[in-house]
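A quick write-up on the structure given underneath.
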Amino acid sequence: MNAVIGTFHPYIIVIGVGLTIVSSYTALDMFTLIRTSDQNKRLLFLGGAFTLGIGIWIMNFLGLLAADLSRFASYQIPLTILSLFIGIAFAGMAFVTFFGKAIRFYQLVMGSIFLTIAVISIHIIDIFAMNLTIKYNVSLFVFSGLLIFFSFLFSLWMLFSSKNDTKGNQVWLKPISAIIMSGSITEGHFLLRRASSLSSANIDIKTVSIEDTFIIYLVLFVSILIIGGLIVSSTLINKQLATTDTNLKDIKAAIDASAIVAITDKHGTILFVNDKFEKISKYKKEEILGQNHRILNSGYHSKDFFQDLWKTIHSGQIWRGEIRNKAKDGSFYWVDTTIVPFLNKKGKPFQYIAIRSDITKRKEAEGNLFDSLKEIRDITFALDQSSIVAITDEKGKITSVNEKFCEISQYERDELIGQDHSLLNSGYHSKEFFKELWKTIGEGKVWNGEICNRAKDGTNYWVDTTIVPFLNGNGKPYQYVAIRTDISDRKQAEENLKVTIKDNTDIRFALDQSSIVAFTDSKGKITSVNDKFCEISKYNREEIIGKDHNILNSGFHSKEFFKYLWKTIGEGNVWKGEIRNKAKDGTYYWVDTTIVPFLNQEGMPYQYLAIRNDITERKKTEEVLHRQDKLAAVGQLAAGVAHEIRNPLTSMRGYAEFLQLDEQDPERMEFLGIILDEIERVNTIVEDFMVLAKPKAVELEEKNVVPVIQNVVSLLEFEARKKNVRLTFECNQEIIQIECDENRLKQVFLNFIKNGIEAMPNGGELHVKTIIHDNNVQISIQDTGVGIPEEKLKNLGEPFFTTKKNGNGLGLMVSFKIIESHNGKVFVESEPNKGTTFNILLPAKTA
């Protein structure tokens, strides 16, 4: 070993080798960063060249110093600085060719040559800097140079070969290459020393005695400073560059992933496009680069549009706008575009970057929305004709009202906005009424009811109200829509309704919650119905779509009625009226109907919107009132008739009974018996009249109804057997407590059971049953008689209506009234030739 490297101071050699390894690794780290970084390449290059030059110089300097420490005294600083700069320059020349994306083998050869020259140059200059003369063994010198060259070439090939140039490989290749390169520098120093003979020059210098220990500590101190400086600078530079590169890469990746990017020169020639540009334009990069954006011109925008664009970006300002382009396949697409000019030092643009977002779907949606605006306006007009609308926030503060609201309340919109509905409180309803209302809508439920409000002028008006809560993502109401119908003056129920709410979907939802809606075409064919239409008609959508309203015809209205209806809406006028329809199951229902024709540009209807409200219950109420009017009339008649007839009857009965006392003739006794029977029959009728004329106050007591029924059944068993009728009573419970007037209930049971017996002139079966059902006791009296036709069932209980030859209809009417006075109901089921069942439903007392 000594034959090769000679004698030396070991500590200094170790320090030199260590510094060389650190310098080589740091330099290689910076040079590899040049290939992966898009910014700060100049800074990286200078740092790498400086670091590697220092590494080559420090090894030669310390190697010569280690051989003879006394040389330090005669060291020439200018030549040292020269050797240092030469080493840095050749190191920079070695790596200057590595700036390209691809590194070829000849570039590695050139770099190895420059590094070899750097080692040899520094070695020779450092020898002269120490006032030594040199003589070389040429063959050994050439061999040393070639060995140094191939060592450098192998090191660079390992690190920068295209096969190995990946981030994963650089993790372990970089330290190995640094070690090989450091070996090349160290090897070069010792081989060149071996190939040369050194002697002191004849220069007069002042001999200075320096202790070896001091020199070693000095070298060690300087080495630590150099190592620390290299490590710190390398770490800071790498960290800063890595952060910068990461940010730039993230920004570039984010832009490429989310936007369509193109870069052009100042003339508009395309220099770069990303993958999204290729995808949306259908052009490949080879087809688009070198072109300008006229290749994408769709012809949609005017020349002035593009002149204004170029004027803006030529002035160095950012341009933003929406552009419709034409792809390679001829399809059109819209992009939201931002064009940013990059300015040179003189403030003039030298290139432009265009960042675009695809808004084609948004534009298509806008087009579809524009097409549907007419239909929305028609629907809004229909709403304005039928309802009063207000929108409030979650606290009940009014945020929007329509014109009909202002019209009926007589307040201006500015007076209502920001107020709550207590402004309209008429004082008619209790606090509990409004508490229940707020509880319902606060739970996200729809509230329906009738409210009496007070207008600004002090007059009261009634509105049929539906309040619909709109819920946020947490299921909590954030606003309420109240839809009302004026029921104090129905002629104003379909006035102008202007709804200002966030979107049309909420309006449709609110309308579906409050009304029965159907759309038809110009010929009356149903094109759309809402859920309430299906619910009341019992038809599903598939059964009703494509049909006309004849499917609901109940036969109640005349042909002239519908001719007038069609004439009205055919002329483009709104029709209002009440219609009785027939559901799928055969039941009838009434609807208060508004039909609004939608007119085309020629003023002719192209479709109709029918908005209906169910008024079946109101119609039933009107029928009950009519029936009550008839009962009142009968009561008045009964009061007069009973008063005039009862007194003579009493006299006639008394005299007839007196005559029976002395009469011996059987035939005359028979005639007197007939007279008394008929007087009793008339008296019974008069009693019924008296009940109608002046009903007695009901005195209800808690009783067990089972023995009451058993008593009546036992009383009539003999009469039933006489007429060949089998009378049975069935009850699963011994005690069923109800509040009743026992005598009056007996009258009802006697009446219904007698009617059942009389309905079976040829005999049959009559069953009396009691069952408990939903806190009610149901008493059923079922016969197997002749039955009652369906058309006569609805008239049962009316004055003087009877199905019997000798009946007067008052018995059933009185019975029905008695059951009503007990808070009960009577409903009759009958089928001709099979029998009739009278069902009495009375509230039962729970245990």
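None of the figures in this text is laboratory data; all of them are computed from the coordinates on show. From a predicted model like this one, the values you see are computed outputs, not experimental measurements. Note: ideal-geometry Cβ built from the backbone for every residue, glycine included; neighbour counts use all protein chains shown.
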Which length gain, in nm to one decimal place, applies between F658 and R618 when the Cα-Cα distance is subtracted from 0.36 nm times their residue separation? 8.6 nm
Taking 7 Å along the Cα-to-C-beta vector as the label spot, tell me the K266-E667 distance in nanometres, rounded to one decimal. 14.8 nm
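Assuming R0 = 25 Å, can you tell me the calculated FRET efficiency for the pair N368 and E278, based on Cβ-Cβ distance, to the nearest 0.05? Show your work: numbers first, answer last.
On the way: r = 29 Å, r/R0 = 1.15.
About 0.30, to the nearest 0.05.
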Amide N of the range 523-554 lying under 11 Å from the label point, which is placed 7 angstrom from the Cα of E375 along Cα→Cβ: 528
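Quick check on the exposure proxy: order S184, S821 from fewest to most C-beta atoms within 10 angstrom.
Values: S184 26, S821 16.
Listed from fewest to most nearby Cβ atoms, that is S821, S184.
To the nearest 0.05, what FRET efficiency results for M158 and T360 with a Förster distance of 41 Å applied to their C-beta separation?
Details: r = 51 Å, r/R0 = 1.25.
The formula returns an efficiency of 0.20 here.
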Two pseudo-spin positions, 7 Å from Cα along C-beta at N600 and at W438, lie apart in nanometres by 5.3 nm
When a footprinting reagent is the concern and you count Cβ atoms within 10 Å, what order do F332, F470 take, fewest first? F332, F470
Once phi is turned into ³J(HN,Hα) by the Karplus curve 6.51 cos²θ - 1.76 cosθ + 1.60 with θ = phi - 60°, what whole-Hz value does each residue of the range 597-610 show in order, with x for glycine and proline? x, 9, 9, 7, 5, 8, x, 9, x, 10, 6, 10, 10, 9
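Kindly put R413, R294, R356 in sequence by how many other C-beta atoms sit within 10 Å of each C-beta, fewest to most. Before the final figure, lay out the partial values.
Details: R413 13, R294 8, R356 22.
Exposure proxy ranking, most exposed first: R294, R413, R356.
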Karplus-derived HN-Hα couplings along the range 289-305 (A = 6.51, B = -1.76, C = 1.60, θ = phi - 60°), whole Hz, x at Gly and Pro: 5, x, 8, 10, 6, 5, 5, 9, 5, 8, x, 6, 8, 7, 5, 4, 4
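Take the Cβ-Cβ distance between K746 and F827 as r, set R0 to 22 Å, and report the resulting FRET efficiency rounded to the nearest 0.05. Let's see the in-between values first.
Working: r = 21 Å, r/R0 = 0.95.
Step by step, r from the Cβ atoms, then E = 0.60.
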Ranked packing of 660-667, 761-768, most packed first, by mean Cβ within 10 Å: 761-768, 660-667
Near the amide H of S554, under 5 Å away, which other amide H atoms are found, from residues 5 or more places off or on another chain, if H is placed in the peptide plane? K582
Cut-off 15 Å, label 7 Å out along Cα→Cβ of K395, residues of the range 416-453 by amide N: 417-422
Give me the extension gain from D585 to H314: residue separation times 0.36 nm, minus the current Cα-Cα distance, reported in nm with one decimal. 89.9 nm
The extension gain from D512 to E678, computed as 0.36 nm times the residue separation minus the Cα-Cα distance, is 53.4 nm
Label-point separation, L43 to F729 (7 Å along Cα→Cβ), nm: 11.1 nm
I need the peptides 279-286, 709-716, 343-350, 42-49 ranked by packing, meaning the mean over residues of other C-beta atoms within 10 angstrom, with the highest value on top. 42-49, 709-716, 279-286, 343-350
Given pairs K532/K825; K582/K834; K266/K348; K279/K361 and cut-off 18 Å on Cα-Cα distance, the over-length ones are K532/K825; K582/K834
Students often get this wrong: which residues of the range 698-716 have the backbone nitrogen under 16 Å from the point 7 angstrom along Cα-to-C-beta of E820? 698
